[in-house]
1. Taking neighbour counts of Cβ atoms within 10 Å as a proxy for exposure, in what order, fewest first, do 312, 298 appear?
2. Can you compute the FRET efficiency between residue 224 and residue 118 using 1/(1 + (r/R0)^6), with r the Cβ-Cβ distance and R0 = 41 Å? Round to the nearest 0.05.
3. Going down the table (140/179; 96/187; 140/186; 179/292; 140/291; 179/291), which pairs top 20 Å between alpha carbons?
4. Express in nm, to one decimal, how much length is gained between residue 168 and residue 265 on full extension, taking 0.36 nm for each residue of separation and deducting their alpha carbon distance.
5. Once the cut-off is 16 Å, how many percent of the Cα-Cα pairs in region 231-325 end up in the long-distance tail?
6. Pop the C-beta distance of residue 97 and residue 74 into the FRET formula with R0 = 30 Å and round what comes out to the nearest 0.05.
7. Going through region 208-316, which trypsin sites (Lys or Arg not before Pro) have at most 14 other Cβ atoms within 10 Å and a DSSP loop state?
Amino acid sequence: MAGQVQYHPGKASGSDCSPLAPVLRGEGSGVRGLRRGSFVPLTPDASPPKRGRGEIITRPSPKGVVVQALLVVLSLSLMLAGCDWPGKPDPADRPKTPEDVLAFATLYGRNCAGCHGAEGKLGPAPPLNDPLFRAIMPEKTLHVVIARGRAGTPMPAFAKEYGGELTTAQVQVLVNEIKGVPYRIKKDGEERDIAPAWGVPTSSTGRVPAYLAPAVKPEQSGEKRGQAGAMAFARACASCHGDLGQGIEREGRLRRQIHNQAFLALISDQALRRYAITGRPDLGMPSFAEKKDRTADFVALTSEEVTDLVAFLASWRAGAPASGK
């Protein structure tokens, strides 16, 4: 039809000697030997150009067609499968900051295992994974100790508000796990119920002395308490530590000495009370009720006897009692 343009690559005739020059024909139009790049409008009486000898006819490469088809199929597959386009970040792959970590194993491993042992049972510091300790330690007190640390001891503060690195939620995870309290974590719109990794500590039979020392009554004089404490030491401690805490000799060495100024200066009254109640299972020290290394007729210490015993041990210190909690 009139107005259409026919562009036919091929070998030109006449003066156009380039093999890639456009070959434009217009049979019936009387036009030949047009300049390179000219266009010939086809009139109704014009016929399509015929292939001549030596003309180059360009066609799409079969390989290129296959590649294009594969790209189309791949694009459709991605859209139908609902996949993200390459390069788009997946929220699940977003790096977690230290504040995002709420897993007990990670929190304990980074902050507690170095002193209290990998499983909380054996380390330089007293064991945390001790059923008796976990049972008698008040939850509120444990939270304060973890958040603020222990003054005068190597135990640092872990809560951010006291110079540490843990959030309030992370401190609470440690508290719940050590105390054996099941809890729930709400994060990213999901809720998960968590069972403590160390389980729930079993309740001790009988009357267990309180972890925190009770208030001293006015009528309890220092002299009376000292005498009562000496009696408690004689029946519960002397068999391992000597009559006056001087230790016992074994294999030519003095062992288990506690009447020692360096030791007493480094340990607080509260730590002494804790050891008197829970013992040190990691070191073989019996608890307040166990008969190990004691007489057969040994009777468990009462909370009042533990208080008197601690006062007796503290009287061996040179200077004021330690103030650590």
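1. 298, 312
2. Plugging the Cβ-Cβ distance into 1/(1 + (r/R0)^6) gives 0.35.
3. With Cα atoms farther than 20 Å apart: 140/186; 179/292; 140/291; 179/291.
4. 31.7 nm is the gain from fully extending residue 168 to residue 265.
5. So the portion of pairs separated by more than 16 Å is 55 percent.
6. About 0.25, to the nearest 0.05.
7. The qualifying sites are 291, 292.
Here, each number is a calculation from the coordinates, and none is a lab measurement. Computed from a predicted structure; not experimentally measured. Counting neighbours? That spans all protein chains shown, and the Cβs are built from the backbone with ideal geometry, glycine included.
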